[in-house]
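Pasting a structure here, questions to come.
The values are calculated or read from the model by the stated rules, or taken from the named source; none is laboratory data. Please read all numbers here as calculations on a predicted model, not as lab measurements. Here the Cβ positions follow ideal geometry from the backbone for every residue, glycine too, while neighbour counts run over all protein chains shown.
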Amino acid sequence: MKKRTLLFIAVFLAVTFCFAIKLLAFKGVVPWNIGYNDVMPWYEKASAPGIPYIDKPVEYPVIIGMAMYVFSRFGQGAYFFLHYLLYLALAFVSTHYLWKLAERRGTGKQQLFLFWALAPSMLWFSFFNWDLIAVTFTILALYFFEERRDILATIFLSLGFATKMYPALFLLPYLLQRRFKDWIKLGCVFGATFLVVNGPFMLKNFPYWAYIYFFHGAREPNPDSVWAVFSQWLGLSTGFINVATAVLFVCFYLYICWNRRKEDPLNTNLLVLLLFLLLNKVFSPQFVLWLLPFFAILGAKTKIWYAMEVSNLLVLFTTLIFLFEKIESALAWSGLFVVLRHLGLILLFYYAYQKNEATPSLVPSESG
């Protein structure tokens, strides 16, 4: 059997396994602190009267909020199954373009198995939240930037931003390898795409549309964030953490982008994403999904990667035991695993930073 076929079978089994575990947990067959997910409990809010962002605020960006709303119109069972079909389709599309990107860059196909199809995050988080939507938009953007089809790539980055926000970080490393007129053109494309998706809601009820930004600005670090660990030790306020994380990230982000402006933008964006995960005040375990496309193409130290993945799963399980079983000692274990996960991310950042590959062409052959 061809490797490509095996890869798609592995992805199908991973997403289906993830959905099955989450469904069994929702039905009470598997403990909820094992099979917890965000998608299924959100049905009640999604199916409540009113259109998201117009009649009621939602703590997720527009593409996620509207996907939930549309699927909830068909009832609870269909809501669950439609999400499964969506994630399976997204996983297949992502796998197709990752394969094409790997072929274009001469990447060993075994990396697509190790860091994508068989990654613990794919097995456990493909049906957990809505991150796979943003991951797919990111993969499409990375592929079309590699193809020098900048406008299409920028559209997908903007759609990713309208889903989970983090893909917007990936535009600057590409702009730094483009001409000034491309900055204007691609900036307009990014903004126009964002407005097409968000504009109607902004005009209809701006406070409800903007709720997500105020919500995340005011929220405390989640229990499975390294900043929550620091807060327990040092008593840091949310306001201080907001300022500290913003200043640290912006400074290091600009330094990395500028210092590596003549190097492979895919590797630069991996560094940017690792930096974001290391410094952000909110770190939900499914965020590790965001890393999979980069390591599937660029590779990683396998032992460090899987140690980080296992630590991340242990963070999830101990945090859920604390939240749902009210076992205080579980929070201490969660803090330990958070630190171990961050050490893994730091090591992955270090090894990724050692790569110093020049970009073959700094100016695209065609921008469309």
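Tell me, which residue of segment 195-219 that is closer than 11 Å to residue 60 by Cα and at pLDDT below 90 is surrounded by the fewest Cβ atoms within 10 Å (Cβ to Cβ)?
213
Let me ask something else. So which of 88, 98, 114 ends up being in contact (Cβ under 8 Å) with a residue 24 or more places away in the chain, touching a helix residue (DSSP H, G or I) at 6+ places or on another chain (Cβ under 7 Å), within 14 Å of residue 143 (Cβ to Cβ) and part of a helix (DSSP H, G or I)?
Numbers: 88 fails: within 14 Å of residue 143 (Cβ to Cβ); 114 fails: within 14 Å of residue 143 (Cβ to Cβ).
None of the others qualify; the one that does is 98.
Given the criterion among the basic types (Lys, Arg), out of contact with any strand residue (DSSP E or B) (no Cβ under 6 Å at 6 or more places or on another chain) and under 22 Å from residue 331 (Cα atoms), identify the matching residue among 179, 219. Spell out the reasoning first.
Numbers: 179 fails: under 22 Å from residue 331 (Cα atoms).
It is 219.
Give just the number: which of (1) over 27 Å from residue 202 (Cβ atoms); (2) surrounded by 19 or more Cβ atoms within 10 Å (Cβ to Cβ); (3) modelled with pLDDT of 95 or more; (4) of a type in the set (S, T, N, Q) does residue 33 not satisfy?
All conditions are met except number (3).
Next up: Go through segment 25-43 and count every residue that is on the phi > 0 side of the Ramachandran plot and in contact (Cβ under 8 Å) with a residue 12 or more places away in the chain. Steps first, answer last, please.
First, pick out the residues of segment 25-43 that are on the phi > 0 side of the Ramachandran plot: 28.
Adding the requirement that they be in contact (Cβ under 8 Å) with a residue 12 or more places away in the chain leaves none.
Qualifying residue count, segment 25-43: 0.
Conditions tested, residue by residue: (1) closer than 30 Å to residue 148 by Cα; (2) at pLDDT below 95.
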{"site": "298", "(1), (2)": "yes, no"}
{"site": "307", "(1), (2)": "no, no"}
{"site": "316", "(1), (2)": "no, no"}
{"site": "332", "(1), (2)": "no, yes"}
{"site": "348", "(1), (2)": "yes, no"}
{"site": "360", "(1), (2)": "yes, yes"}
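Follow-up question, since we're still on this one. How many of the residues in segment 165-224 are β-branched (Val, Ile, Thr) and farther than 25 Å from residue 65 by Cα? Before the answer, list the steps.
Quick first cut of segment 165-224, residues β-branched (Val, Ile, Thr) only: 184, 189, 193, 196-197, 212.
Applying the additional criterion that residues be farther than 25 Å from residue 65 by Cα yields 184.
Of the residues in that region, 1 qualify.
So residue 224 fits all but one of (1) surrounded by fewer than 18 Cβ atoms within 10 Å (Cβ to Cβ); (2) charged (D, E, K, R); (3) in contact with a helix residue (DSSP H, G or I) (Cβ under 8 Å, 6 or more places away or on another chain); what number is the exception?
Residue 224 satisfies every listed condition except (1).
Taking the condition surrounded by fewer than 21 Cβ atoms within 10 Å (Cβ to Cβ), at pLDDT 95 or above and not small (Gly, Ala, Ser), does residue 324 pass? First the steps, then the outcome.
Details: surrounded by fewer than 21 Cβ atoms within 10 Å (Cβ to Cβ): yes; at pLDDT 95 or above: no; not small (Gly, Ala, Ser): yes.
So residue 324 fails the test.
Listed here are the residues, each with its yes/no results for (1) more than 19 Å from residue 134 (Cβ to Cβ); (2) touching a residue at least 12 places away in the same chain (Cβ under 8 Å); (3) not hydrophobic (A, V, I, L, M, F, W, C).
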position	(1), (2), (3)
264	yes, yes, yes
277	no, yes, no
304	yes, yes, no
307	yes, yes, no
313	yes, yes, no
329	yes, no, yes
346	yes, yes, no
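I'd like the residue in segment 227-248 that is among the polar types (S, T, N, Q) and within 24 Å of residue 313 (Cβ to Cβ) and, out of all such residues, is surrounded by the most Cβ atoms within 10 Å (Cβ to Cβ).
The extreme case among them is 231.
Could you check segment 129-150 and list, in sequence order, the residues that are in contact with a helix residue (DSSP H, G or I) (Cβ under 7 Å, 6 or more places away or on another chain) and either outside any helix (DSSP H, G or I) or over 22 Å from residue 103 (Cα atoms) (or both)? Write out each step before concluding.
Going through segment 129-150, the residues in contact with a helix residue (DSSP H, G or I) (Cβ under 7 Å, 6 or more places away or on another chain) turn out to be 129-146, 150.
If the condition is that a residue be in contact with a helix residue (DSSP H, G or I) (Cβ under 7 Å, 6 or more places away or on another chain) and either outside any helix (DSSP H, G or I) or over 22 Å from residue 103 (Cα atoms) (or both), then 129, 130, 131, 132, 133, 134 are the ones that fit.
Hey, can you tell me all the residues within segment 1-43 that are closer than 18 Å to residue 61 by Cα and assigned to a helix (DSSP H, G or I)?
43
Any idea which of 65, 50, 75 is surrounded by fewer than 19 Cβ atoms within 10 Å (Cβ to Cβ), without any contact (Cβ under 8 Å) to a residue 40 or more places away in the chain and within 17 Å of residue 211 (Cα to Cα)?
Working: 65 fails: surrounded by fewer than 19 Cβ atoms within 10 Å (Cβ to Cβ); 75 fails: within 17 Å of residue 211 (Cα to Cα).
Exactly one of 65, 50, 75 is surrounded by fewer than 19 Cβ atoms within 10 Å (Cβ to Cβ), without any contact (Cβ under 8 Å) to a residue 40 or more places away in the chain and within 17 Å of residue 211 (Cα to Cα), namely 50.
Every residue in segment 122-137 that is over 21 Å from residue 4 (Cβ atoms) and within 11 Å of the chain's Cα centre (by Cα), please.
Taking segment 122-137 and keeping what is over 21 Å from residue 4 (Cβ atoms), we get 124-125, 127-131, 133-134, 137.
Listed by number, the residues that qualify are 125, 129, 130, 131, 133, 134, 137.
Okay, residues lined up against (1) of a type outside the set (Val, Ile, Thr); (2) in contact with a Pro (Cβ under 8 Å, 6 or more places away or on another chain); (3) more than 22 Å from residue 318 (Cα to Cα); (4) without any contact (Cβ under 8 Å) to a residue 40 or more places away in the chain:
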position: 221; (1), (2), (3), (4): yes, no, no, no
position: 224; (1), (2), (3), (4): yes, yes, no, no
position: 256; (1), (2), (3), (4): no, no, yes, yes
position: 260; (1), (2), (3), (4): yes, yes, yes, no
position: 273; (1), (2), (3), (4): yes, no, yes, no
position: 286; (1), (2), (3), (4): yes, no, no, no
